[in-house]
Amino acid sequence: MKTIETIHELRTALKSRRQGTIGFVPTMGYLHQGHLSLVERAKQECDTVVMSIFVNPLQFGPGEDLDRYPRDLKRDQALAEAAGVDFLFHPSVSEMYPTEPLTQVHVEKVTERLCGASRPGHFAGVATVVTKLFHIVAPDRAYFGMKDAQQVAVIEQMVHDLHFPVTIVPCPTVREPDGLALSSRNVYLSPEEREQALVINRTLREVEQKWTQEQFTSADELAQFVRERIQTAPLADIDYAEVLTYPRLEKPGAAWKEQRLIVAVAVRFGKTRLIDNVLLDGRGEKSCSEQ
Ligand code: AMP
């Protein structure tokens, strides 16, 4: 595996790889099995795998955790190499933003709710950096985790609207054995917060089961159920708990049971904000296999 820090060097290195397919896994580093599952999938489907590690300042709001976001390049290099990454792109902030960026990509509607509402400017930062990375790497396929389901919806919309020649591959959420969704931010959790954070997965699994048994009479009732369950954990501070259509992320209408729904939550435990979700296929038959 080669670690590359400049755009020019990466473009040059990838030139000779373009007869085959290029798979791309964008990340902010501090790698865990969730990231590595994306690499595994990319390895299966592509000849060359590029991973980026870049903590993108543009997607962090004032007062968010940009400065204390966990970083460990040496560890990440070892994990990425063992997983079979061919090129690790690790640019500096000044390499990615040599001057103040006056151009940003704004995706409308799908960014209005959930994390788009509680983190203003976040998805413009994400869409902009992913656009830049797509222009730099020019991948055939790019791999994203469904833990960030709104991010997948935003990127798919952007790729569709702007005719990016790339296939977006959504991949299932990887969890700890006790159900907590893997996240680089989990290291912030105190043992007590870590224990109480399990309420999120427990609630989502309960939702899946009740959905299959058709126990909810409305989307509002479902959302209320989720809020009440999560609030049973004393340290849980709910940022949002919503039921929306997926991937448009709109309020479900009268035919809510026929629509593909997402139950999405963001919950603070102390200073740590965790997100998770479950997709429910229409008609209450079963949960979505991607989850
Ligand atoms: P991040 O480094 O948090 O920006 O994540 C980089 C990529 O890894 C994104 O596509 C995430 O959705 C994905 N990812 C993060 N956590 C998980 C997880 N637990 N399971 C699957 N994919 C994940």
Test: residue in the range 29-41 that is in contact with a helix residue (DSSP H, G or I) (Cβ under 9 Å, 6 or more places away or on another chain), in contact (Cβ under 8 Å) with a residue 40 or more places away in the chain and more than 13 Å from the ligand (Cβ to nearest atom): no
In the range 42-71, the residues that are in contact (Cβ under 8 Å) with a residue 60 or more places away in the chain and hydrophobic (A, V, I, L, M, F, W, C): Ala42, Cys46, Val50, Phe54, Leu58, Phe60
Residue in the range 217-237 that is acidic (Asp, Glu) and closer than 25 Å to Pro172 by Cα present: no
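Can Glu242 be described as in a helix (DSSP H, G or I) and modelled with pLDDT of 95 or more?
On the way: in a helix (DSSP H, G or I): no; modelled with pLDDT of 95 or more: yes.
No; evaluated as a whole, the condition is false for this residue.
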Search result, residues across the range 195-226 that are free of Cβ contacts under 8 Å to residues at least 24 places away in the same chain, within 16 Å of Glu242 (Cα to Cα) and not in a helix (DSSP H, G or I): Phe216, Thr217
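Select, from Leu182, Leu279, the only residue that is touching a His at 6+ places or on another chain (Cβ under 6 Å) and either at pLDDT 95 or above or crowded, with 18+ Cβ neighbours inside 10 Å (or both). If you could, list the steps in order and put the result at the bottom.
On the way: Leu279 fails: touching a His at 6+ places or on another chain (Cβ under 6 Å).
Checking each option against the conditions leaves just Leu182.
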Residue within the range 260-269 that is more than 25 Å from Val154 (Cα to Cα) and either in contact with a strand residue (DSSP E or B) (Cβ under 9 Å, 6 or more places away or on another chain) or modelled with pLDDT under 95 (or both) present: yes
Residues of the range 158-185 classified as in contact (Cβ under 8 Å) with a residue 12 or more places away in the chain, more than 7 Å from the ligand (Cβ to nearest atom) and closer than 22 Å to Ala266 by Cα, total: 5
Elements of type strands (runs of 3 or more DSSP E) contained in the range 1-93, each with 1 or more residues being in contact with a Cys (Cβ under 7 Å, 6 or more places away or on another chain): 22-27
Some residue of the range 97-114 being buried (at least 21 other Cβ atoms within 10 Å of the Cβ), within 15 Å of the ligand (Cβ to nearest atom) and within 29 Å of Thr3 (Cα to Cα): no
Any chance Lys2 is more than 15 Å from the ligand (Cβ to nearest atom) and either farther than 30 Å from Val243 by Cα or in contact with a strand residue (DSSP E or B) (Cβ under 7 Å, 6 or more places away or on another chain) (or both): yes
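The values are calculated or read from the model by the stated rules, or taken from the named source; none is laboratory data. In this text, all values refer to a predicted model and were calculated from it rather than measured experimentally. Methodologically, a virtual Cβ is constructed for each residue, glycine included, from the backbone with ideal geometry; neighbour enumeration extends over all protein chains shown.
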